[in-house]
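Below is one structure, written out as structure tokens, with a few remarks after it.
The values are calculated or read from the model by the stated rules, or taken from the named source; none is laboratory data. Since we're looking at a predicted model, the values are computed, not measured. Please note: Cβ atoms are built from the backbone with ideal geometry, for glycine as well, and neighbour counts cover all protein chains shown.
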Amino acid sequence: MKAETTMQRTNFVPKTLPSALKQDLQELCHQARGNILKMTSLAASGHPGGSMSSLEIFALLWSQANVDPANPLMKGRDRIVVSHGHTSPGVYSVLGALNFFDIHQALVSFRLAGSDFEGHIERHLPGIELTSGNLGQGLSAAIGMGIADKSNGVTNHLWVVAGDGENQKGQISEARRFASKYMMNNLTYIIDLNHLQISGDTVDIMPVNLRAEFEASNWEVVSVDGHDLSALYQVMRPEGQNRPRLILASTVMGKGVSFMENRAGFHGRALKKDELKQALIELGVEDNMKILARERKNYLQSEKQSFREEPVYNLLNTGEAITYGTDQTEDNRSAWGRALVSLADANPDNLPLVFDCDLSGSVKTAGFAKKYPGHFFQTGIMEHHTATMAGSSSLADKVAFWSDFGVFAADETFNQHRLNDINHTNLKVVATHCGLDVGPDGKTHHCIKYVGLMRALPNYRTIVPADPNQTDRAVRFAASNPGNYFIAMGRSKLQVITKEDGTPFFDRNYEFVYGAADHFRNGTDVAILAMGPTCTNAVQASELLKTAGISAAVLGVSCPTEMSEKTIDNLMKFKHIFTVEDHDTQTGLGAGIALVLSERGGTPPLTRIGVTHYGASGDAEDLYTLQGLQPEQIVESVIQKLT
Ligand SMILES: Cc1ncc(C[n+]2csc(CCOP(=O)(O)OP(=O)(O)O)c2C)c(N)n1
């Protein structure tokens, strides 16, 4: 096989696949089939079947699209996203053959603890845009990257490869509609139509009429033999493409080895020793398994290639903060909406992307939508697609905001956030309508678990601002700092929190510091730790407690998943600690504090005041009363515990 440096890269310009190139690609695929089998057999696990059926597609893409093995992060490159990440042996074999990295490393360390060559493809490897494996998210991810690239003035092509069984997944329908609405004529979606999945034939498991579904969404649909390099090349050529294109590439699972072909069992099973021997003879590929097995044994001690660093994130200038006076009551979501427009105004050459799921009036992104319509994406009730798309757009040099009600922004889309978390995206989720504070919409709309959900994702930071002033600063902080943020807020208008002298606590000089607690009131007997809208109630409770002769400190905890050591140290001096939250006490602020305190041993006792059962439909104030969150009820709890 020729080395990649001598293989022609056409960018799909010639009308037909040049014959010399075809020969090179055939040889590449031939060797790659052997490597897929060796890799999986050495690991005694993995997915050879789909790897072998997708192989010609992979080979054409990475050899002919506008990507560069010598500069895998090249600006303006095409985006190649493999959605069925379990075909990693196929992906690694092609990328290795094209010199994106040393194939030898993949061969000897596939699926070995400590290796970069994991069982499902990983975005830190050169040539790979997205870590995937949770089926159904790749199309959304490529669309997100494409939106960001276009917004940055890049003209490129988006290529996505997926399995056919995978297309049973609903999120793909959401992505399909989005691509159609936004007329993405630089998008090609290739389905490896091998008709098999884990449990057998796709038509028996869950039939999907792919052609009809995509045509109904106004996609161009073409069918092709997915192992015929010339035919594939021709339908992949983007020239003249005026809408998103689906390529139904008919393939054979386990292609190339007679006893593997069309057998679902080889979807996810490696060949045994004697099967492998036979397969390598049939393929006419060198059998060097003994040497590879020896090297695999020594892999952890061997010298390794180092791969891609953390992504470089786009950040916004913070702009001019807005301070709300004590004469105003305002809802945090309006403060967020205003901060967003102000941030955009301050970054005219680097506007953020904003995504909405049919709630812009309520989540207050309508102002941005009106002023910056080209950067606002109305995605309808397609939250799964939106969570992935928004996350991935932030991998392509953009700051992305997705604003939605808490139950949709957190609970509905947890797995999409998990994949964002794994991919180290730079997404800012602004979740309005959190807590019982939502009121009459009732329990289906009360988002009361978000702290616990987001705490489970190590690359998401959660912020729950206490009032409109802190909301303004928190939004600017998230926009100007790398990584994923989940900013949660309620629905009601709030009093501006004040200092003892009656001036705004978060005044003009206030700067948001992630993880810092806000000392609203000093006290010596007990500490009340509050989060979000309950901060005001906690402050009022401390005033009432004074008359009962109890000195209560009040701390606002805007970052419930991160608390500084200093703050914890300070808590040790109190007789009793109370947490107050419009959130489930099992998974929220109180639960988090209980954990950190218990690690100290011998701490003051803790009482968690918060949501203990699903709320009902009613006025937010009444719902607070039903769960003991009113200032007078906090006072009662404190007195009861101290006597
Ligand atoms: C969301 C999700 N559900 C289930 C799985 C487990 N799973 C991995 S591969 C697979 C079958 C995929 O079939 P297909 O897309 O046809 O791939 P092929 O069998 O051709 O490799 C399943 C169910 C998963 N990875 N993600």
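Restricted to the range 128-149, and to residues there that are within 12 Å of the ligand (Cβ to nearest atom) and surrounded by 24 or more Cβ atoms within 10 Å (Cβ to Cβ), the residue that is farthest from D421 (Cα to Cα) is G136. No other residue among N156, N185, N99 is away from the ligand (no atom under 13 Å from the Cβ), under 18 Å from L55 (Cα atoms), part of a loop (DSSP other than H, G, I, E, B) and not β-branched (V, I, T) apart from N99. Kindly indicate whether any position in the range 190-200 is crowded, with 24+ Cβ neighbours inside 10 Å, outside any loop (DSSP other than H, G, I, E, B), within 22 Å of the chain's Cα centre (by Cα) and more than 9 Å from the ligand (Cβ to nearest atom). No, the range 190-200 contains no residue that is crowded, with 24+ Cβ neighbours inside 10 Å, outside any loop (DSSP other than H, G, I, E, B), within 22 Å of the chain's Cα centre (by Cα) and more than 9 Å from the ligand (Cβ to nearest atom).
Among the conditions (1) within 16 Å of the ligand (Cβ to nearest atom); (2) assigned to a loop (DSSP other than H, G, I, E, B), N66 misses just one, which is (1). Here I172 does not fit the description of being under 23 Å from N11 (Cα atoms), among the hydrophobic types (A, V, I, L, M, F, W, C) and either within 14 Å of the ligand (Cβ to nearest atom) or not assigned by TED's automatic domain parsing to the domain that holds E215 (or both).
Given the structure, is T471 in contact with a Pro (Cβ under 6 Å, 6 or more places away or on another chain) and buried (at least 24 other Cβ atoms within 10 Å of the Cβ)? Before you say what the answer is, go through the steps one by one.
On the way: in contact with a Pro (Cβ under 6 Å, 6 or more places away or on another chain): yes; buried (at least 24 other Cβ atoms within 10 Å of the Cβ): yes.
So T471 fits the description; yes.
Scanning the range 110-152 for residues that are modelled with pLDDT of 95 or more, over 17 Å from H84 (Cβ atoms) and among the small types (G, A, S) turns up G144, G146, A148, S151.
The set of residues in the range 421-453 that are buried (at least 24 other Cβ atoms within 10 Å of the Cβ) and part of a helix (DSSP H, G or I) comprises L436, D437, V438, Y450, V451.
Here R245 meets the list (1) within 16 Å of the ligand (Cβ to nearest atom); (2) out of contact with any Lys or Arg (no Cβ under 6 Å at 6 or more places or on another chain) almost entirely, failing just condition (1). Scanning the range 360-377 for residues that are free of Cβ contacts under 8 Å to residues at least 40 places away in the same chain and either under 17 Å from Y450 (Cβ atoms) or assigned to a strand (DSSP E or B) (or both) returns a single hit, F376.
Right, F307: under 32 Å from the mean Cα position of the chain (by Cα) and surrounded by 19 or more Cβ atoms within 10 Å (Cβ to Cβ) or not? No: the conditions fail for F307. E122 falls short on exactly one of the conditions (1) closer than 22 Å to R245 by Cα; (2) within 16 Å of the ligand (Cβ to nearest atom); (3) of a type in the set (D, E), and that condition is (1).
Restricting attention to the range 378-418, the residues being assigned to a helix (DSSP H, G or I) and either surrounded by fewer than 21 Cβ atoms within 10 Å (Cβ to Cβ) or charged (D, E, K, R) (or both) number 5. Does I487 meet the test of being within 13 Å of the chain's Cα centre (by Cα) and outside the structural domain of L135 (by TED's automatic domain parsing)? Spelling it out, it is not the case that I487 is within 13 Å of the chain's Cα centre (by Cα) and outside the structural domain of L135 (by TED's automatic domain parsing). Close Cβ contacts (under 6 Å, 6 or more residues apart or on different chains) running from residues in the range 483-504 that are in contact (Cβ under 8 Å) with a residue 12 or more places away in the chain to residues that are surrounded by fewer than 14 Cβ atoms within 10 Å (Cβ to Cβ) and outside any loop (DSSP other than H, G, I, E, B) comprise K493/T329; Q495/T329.
When you look at D149, is it in contact (Cβ under 8 Å) with a residue 24 or more places away in the chain and more than 29 Å from S250 (Cβ to Cβ), yes or no? It is true that D149 is in contact (Cβ under 8 Å) with a residue 24 or more places away in the chain and more than 29 Å from S250 (Cβ to Cβ). Residues of the range 464-476 that are in a helix (DSSP H, G or I) and in contact with a strand residue (DSSP E or B) (Cβ under 8 Å, 6 or more places away or on another chain): P468, N469, Q470, T471, A474, V475.
In the range 510-609, which strands (runs of 3 or more DSSP E) lie fully inside it and hold 1 or more residues that are among the hydroxyl-bearing types (S, T, Y)? Before the answer, list the steps.
Working: elements: 518-521, 526-530, 552-556, 576-584.
The strands (runs of 3 or more DSSP E) meeting that bar are 576-584.
Only residues that are buried (at least 17 other Cβ atoms within 10 Å of the Cβ), in a helix (DSSP H, G or I) and touching a His at 6+ places or on another chain (Cβ under 8 Å) were counted across the range 624-643, and they come to 1. Every condition in (1) of a type in the set (D, E, K, R); (2) in the same structural domain as G163 (by TED's automatic domain parsing); (3) more than 16 Å from the ligand (Cβ to nearest atom) holds for K15 except the one numbered (2). If the condition is being assigned to a loop (DSSP other than H, G, I, E, B), at pLDDT 75 or above and not hydroxyl-bearing (S, T, Y), then the range 294-310 contributes N298, F307.
Across the range 201-226, the number of residues qualifying as assigned to a helix (DSSP H, G or I) and either more than 11 Å from the ligand (Cβ to nearest atom) or not assigned by TED's automatic domain parsing to the domain that holds P244 (or both) comes to 9. No other residue among G165, G170 is under 25 Å from A59 (Cβ atoms), in contact (Cβ under 8 Å) with a residue 12 or more places away in the chain and small (G, A, S) apart from G165.
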